[in-house]
1. Which one of the conditions (1) exposed (fewer than 15 other Cβ atoms within 10 Å of the Cβ); (2) under 22 Å from T19 (Cα atoms); (3) of a type in the set (A, V, I, L, M, F, W, C) does A37 fail to meet, given that it meets all the rest?
2. Suppose the filter is aliphatic (A, V, I, L, M), at pLDDT 90 or above and surrounded by fewer than 13 Cβ atoms within 10 Å (Cβ to Cβ); does V59 pass it?
3. From L42, L79, which residue is within 26 Å of E95 (Cβ to Cβ), out of contact with any Cys (no Cβ under 6 Å at 6 or more places or on another chain) and of a type in the set (A, V, I, L, M)?
4. Failed condition for S109, given (1) surrounded by fewer than 16 Cβ atoms within 10 Å (Cβ to Cβ); (2) in contact (Cβ under 8 Å) with a residue 40 or more places away in the chain, with all others met?
5. Of the conditions (1) crowded, with 19+ Cβ neighbours inside 10 Å; (2) among the hydrophobic types (A, V, I, L, M, F, W, C); (3) closer than 17 Å to E92 by Cβ, L11 clears all except one; give me its number.
6. Could you name every one of the helices (runs of 4 or more DSSP H) located completely within the range 28-120 that has at least 2 residues being within 19 Å of A4 (Cβ to Cβ)?
Amino acid sequence: MAFAQDFQEVLNSLPGDWTDIEFDLRIDDENRYIDAAVLLSLINAQPYSKAEWHFRIAVAHSFGHAAAAETVAATLGKLDSEGFTGQIVLREVREGRSEIVQMWGRPESVREEFRLRRSL
């Protein structure tokens with residue numbers, strides 16, 4: 001299967017309150033590792049050294065220090081269009097977390113809006 005299609009299936013299987021995920025990616029043709037690394041640098045894929053899997057990729061749903069799901073999907077689509085084959089495997093899903101935002105000095109309307117949007 002294509003990377004982008006596999007990734008979309010993973011996203012579709014996640015609960016609605018997921019905040020971030022980590023997955024591993026392996027390419028079949030290791031001679032094209034550098035080409036894949038250049039494309040995957042767009043989503044800050046972390047290379048493994050001397051491991052069965054080639055890259056670890058962190059994906060954020062709506063906040064956090066990871067690549068946006070839309071950007072990851074587009075980058076994996078680019079890998080597909082360049083003829084890369086391989087597989088991905090979901091390693092970790094985190095859900096139900098909320099970002100921490102400094103609310104000191106902000107009006108109550110901002111606090112209410114934040115609570116409404118984050119369901120706190």
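1. With (1) exposed (fewer than 15 other Cβ atoms within 10 Å of the Cβ); (2) under 22 Å from T19 (Cα atoms); (3) of a type in the set (A, V, I, L, M, F, W, C) applied to A37, the lone miss is (2).
2. On the way: aliphatic (A, V, I, L, M): yes; at pLDDT 90 or above: yes; surrounded by fewer than 13 Cβ atoms within 10 Å (Cβ to Cβ): no.
Here the answer is no, as V59 does not meet what is asked.
3. On the way: L79 fails: within 26 Å of E95 (Cβ to Cβ).
The conditions single out L42.
4. (2)
5. For L11, the failing item is (1).
6. On the way: elements: 33-40, 69-81, 108-118.
Result: 33-40, 69-81.
The values are calculated or read from the model by the stated rules, or taken from the named source; none is laboratory data. It should be emphasised that the depicted structure is a prediction, and the values quoted were computed from it without experimental measurement. Please note: Cβ atoms are built from the backbone with ideal geometry, for glycine as well, and neighbour counts cover all protein chains shown.
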